[in-house]
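Since the structure comes first, as structure tokens, the remarks are kept for the end.
The values are calculated or read from the model by the stated rules, or taken from the named source; none is laboratory data. Source: prediction; values computed, not measured. Cβ placement follows ideal geometry from the backbone for every residue including glycine, while neighbour counts extend to all protein chains displayed.
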Amino acid sequence: MKYFDPHIHCVSRTTDDYENMFLAGVRAVVEPAFWLGQPRTYAGTFFDYFLSIIEFERTRAADFGISHRCTIGLNPKEANDEKLAAEVLEGLPEFLGREGVVAVGELGFDSITAAEERALRIQVQMAMDFDLAILVHTPHRDKYRGTTLLMDILDEMSVDRNRCVIDHSTEETTKLILDRGYWAGHTVYPQTKLTPERFANIFHEFGIERITLNTSADWGKSDPLLLPKTCAYLERRGANRATLQKLVWDNPVAFYGAEKLALPPGCEPFDPVAARATHSKLPGAATH
Ligand SMILES: [Zn+2]
């Protein structure tokens, strides 16, 4: 089995995580731009963060045999600081055409405010202008209402539903999302969001069509190995390995687009020397 984690926040993870991910079969990841926990107060800190996930994380992942791509966007939580949001949105187009940027996101709703909706609409338009997929974050509170409102806006803007993933779906929303023709992303966490057991129930009800599975591993309690762990659990509950392989590789490749992802044939080679080095020696990485 090889795994593609289509939503993981690698900047928060250690080199040990990368090494363990590689050993467990993870060969590709997409890192969406998101909230860093501490609210930012300058537009420039967003731009530096975008560059670090476009350039530095890609290099760091490659040292461990993992192809790293990213999505760029203003997250919904920080869209509520409206003056700052306007500056960030103005600077976004500069990053959207960069190599390795495969979607706009995470955008969507956090507290479902007018400011969040404004930032969402502007970025959906940017995604269409740049011919990029869209990664939509759904709120943890009021999920059903937030998800419905998000899809109403996306429908109204005539997005290509096949290039739009509505993420962090749960038992409450998967049917709703699939019925409306969007991709449903599922985040497995050790305890909150979905557990492997809860995802298994969704898998048995809906199968794998337009469904993705991710860890969203970040700076909180999360686990970057939950893709292989969830697949092991699904297999124990009777899932067929070929189906699982489609779920955790073919589906994210189909969603982001093989051409856009431009994954190297046979994946990145694992370089034990680079993986052992104190700092990455690949071009573009910090050397000191
Ligand atoms: Zn995320």
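Residue by residue, here is whether (1) over 30 Å from Pro269 (Cα atoms); (2) at pLDDT 95 or above; (3) within 13 Å of the ligand (Cβ to nearest atom); (4) part of a helix (DSSP H, G or I) holds:
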residue	(1), (2), (3), (4)
Phe4	no, yes, no, no
Val11	no, yes, yes, yes
Val29	no, yes, yes, no
Thr41	yes, yes, no, no
Gly44	yes, yes, no, yes
Ile54	no, yes, no, yes
Asn75	yes, yes, yes, no
Leu84	yes, yes, no, yes
Val104	no, yes, no, no
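Of all residues in the stretch 13-27, those that are away from the ligand (no atom under 16 Å from the Cβ) and outside any helix (DSSP H, G or I) total 5. Considered as a group, the residues in the stretch 159-176 that are within 13 Å of Phe199 (Cα to Cα) and of a type outside the set (D, E, K, R) include one that is surrounded by the most Cβ atoms within 10 Å (Cβ to Cβ), and that residue is Ser169.
Could you say whether any residue in the stretch 155-167 is assigned to a loop (DSSP other than H, G, I, E, B), touching a residue at least 40 places away in the same chain (Cβ under 8 Å) and under 30 Å from Thr230 (Cα atoms)? No, the conditions are met nowhere in the stretch 155-167. Answer yes or no: is there a residue in the stretch 196-210 that is of a type in the set (Phe, Trp, Tyr), closer than 30 Å to Pro264 by Cα and within 16 Å of the ligand (Cβ to nearest atom). Within the stretch 196-210, none of the residues are of a type in the set (Phe, Trp, Tyr), closer than 30 Å to Pro264 by Cα and within 16 Å of the ligand (Cβ to nearest atom). Scan the stretch 122-147 for residues that are in a helix (DSSP H, G or I) and under 21 Å from Phe255 (Cα atoms) and the total you get is 8. Of all the residues in the stretch 188-213, those that are touching a Phe, Trp or Tyr at 6+ places or on another chain (Cβ under 9 Å) and not aromatic (Phe, Trp, Tyr) number 9.
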